[in-house]
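The values are calculated or read from the model by the stated rules, or taken from the named source; none is laboratory data. Keep in mind it's a predicted model, so treat the numbers as computed, not measured. Cβ: placed from backbone, ideal geometry, glycine included. Neighbour counts: every protein chain shown. Areas reflect the complete protein model, heavy atoms only, side chains present, ligands, DNA and RNA absent. Shrake-Rupley method; radii C 1.70, N 1.55, O 1.52, S 1.80 Å.
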Amino acid sequence: MASIKDVAAEAGVSVATVSRVLNDHPSVSVDARTRVLAAVEALGYRPNAVARSLRTDQTRTLGLVISDVMNPYFTELARSVEEEARALGYSVIIGNADERPDLQDHHVRTLLDRRIDGLLVSPTDGGSPLMLDAARGGTPMVFVDRWIPGVDVPVVRADGRPAVRDLVAHLYGLGHRRLAIIAGPAATTTGSERVEAFREALAEYGLPLPEAYIGQGDFQAESGRRVTDAFLDLAEPPEVVFAADNLMALGALDAVRARGMRVPRDIALAAFDDIPWFVHTDPPVTAVAQPTGELGRAAVRALVDVIEGRPAQSVTLAARLVVRRSCGEPPPLEPPPLEAPSTTPSAEPPVTNRSQS
């Protein structure tokens, strides 16, 4: 493997000049820079990132701690974070908290020990002492999707309240009056916010939200199955189950089918967090969609701004309702059949050109 000394010999310059070129120092002449870069390419030289970080106090590495890598929403979020970071010259190390505060803290501690330049976190709870100390101690940090109230770092999130209001209006227009929710953990901002948004939207239509129609889930499929079973055992089951995330919605769908029931014939189903699978279920699931890719990209841009000393602002994007077929929506109109070409002979003979005799 080529060393920095090999590059210097190949380019005919000093090791210090090679170092200045690799660190983009402005004092290097155009000719020297050209020769060094050509030597780097010819020899396949790769700088030692660890050694460089010790000199520059930067690793060009971001940490991302997500709540559940098995959740398609967070998988897409992580992908967009990695793509945007790469475009800006950063690498990403990902830690999966699996909705467990202890795993979240483990990943945060490990990432800080590795001297990352900044941290993106989707908190699994209201904030551990480690997380709070890191944020208040000056670690460049951005919360994405979820946040910790009272911690002064930028937050990049989607506002789901208008979309939840649109969903309730849609359900009301379809004739549904008994609406229930599978809630996420109350310790998370998204868990509590979605319940409140649902309750407020129901109140606009004079609809109650009885305690029996609020099931406590944990953003995992098994809790969706458990809560839906409890709803179906009620003397007066709900007409609609709204799952506050996609995995709980899939669990709810499993619970309905396990009883030989059908969505939406026997009970309607809607979800927060649209995923590609929902168009392939039978029926396709009506859902609130977040702009996941843009959330990830905006979070990286905000974090890089903090790292590089630029002002960084919180970002709130809009979620939207995607209407499909799981709530009793009418089927889409069939396009009119194409008319077959007519085979009836024309009433008038064809016109032909005849030469004059």
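Here are the numbers:
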| read-out | value |
| --- | --- |
| Among beta bridges that DSSP assigns inside the chain, antiparallel share in %, nearest 5 | 10 percent |
| Heavy atoms of D159 accessible to a 1.4 Å probe, total area in Å² rounded to 10 | 50 Å² |
| Under the Karplus curve 6.51 cos²θ - 1.76 cosθ + 1.60, θ = phi - 60°, whole-Hz ³J(HN,Hα) for the range 2-9, x wherever Gly or Pro sits | 5, 10, 5, 5, 4, 4, 4, 5 |
| As computed over the range 120-160, the Cα convex hull volume per residue (Å³) | 68 Å³ |
| Amide hydrogen neighbours beyond the local backbone of V288, cut-off 5 Å, H modeled | A271, F272, D273, D274, V322 |
| Tilt relative to the chain, helix 30-43 - C-alpha long axis, 0 to 90 degrees, to 10 | 70 degrees |
| Accessible-area ranking of Y172, Y90, largest first, probe 1.4 Å | Y172, Y90 |
| Mean Cα-pair separation over length for the range 183-328, i.e. relative contact order, pairs under 8 Å, 6 or more apart, % | 19 percent |
| Under Karplus coefficients 6.51, -1.76 and 1.60, residue-wise ³J(HN,Hα) of the range 66-73 in Hz, glycine/proline x | 9, 6, 7, 5, 7, 7, x, 4 |
| Gaussian network model of the chain, Cα within-10 Å springs - most flexible of S67, S27, S192 | S27 |
| Karplus 3J(HN,Hα) series, Hz, for the range 296-309 with 6.51 cos²θ - 1.76 cosθ + 1.60 (x for Gly, Pro) | x, 5, 5, 5, 5, 4, 5, 5, 5, 4, 4, 4, 8, x |
| DSSP-assigned coil residues among chymotrypsin sites (Phe, Trp or Tyr not before Pro) in the range 197-294, each with at most 14 further Cβ atoms within 10 Å | Y205 |
| Quarter of the Cα convex hull surface for the range 239-323, i.e. its orientation-mean projected area (nm²) | 6.4 nm² |
| Gap separating the Cα centres of the range 285-330 and the range 96-169, nearest whole Å | 15 Å |
| 222 nm mean residue ellipticity, helices alone, for the chain (DSSP H n ≥ 4; -39,500 (n - 2.57); rounded to 500) | -12500 deg cm²/dmol |
| Heavy-atom surface of the chain, accessible at 1.4 Å and reported per residue (Å²) | 51 Å² |
| Cut-off 13 Å, label 7 Å out along Cα→Cβ of A318, residues of the range 119-159 by amide N | 159 |
| Within the accessible area of the range 165-272 (1.4 Å probe), percent carbon and sulfur | 50 percent |
| Cα gyration tensor shape of the chain, rounded if a/c is under 1.5, else prolate or oblate by comparing a/b with b/c | oblate |
| Net length gained if the chain between D166 and R136 were fully extended (0.36 nm per residue, minus Cα distance) | 7.0 nm |
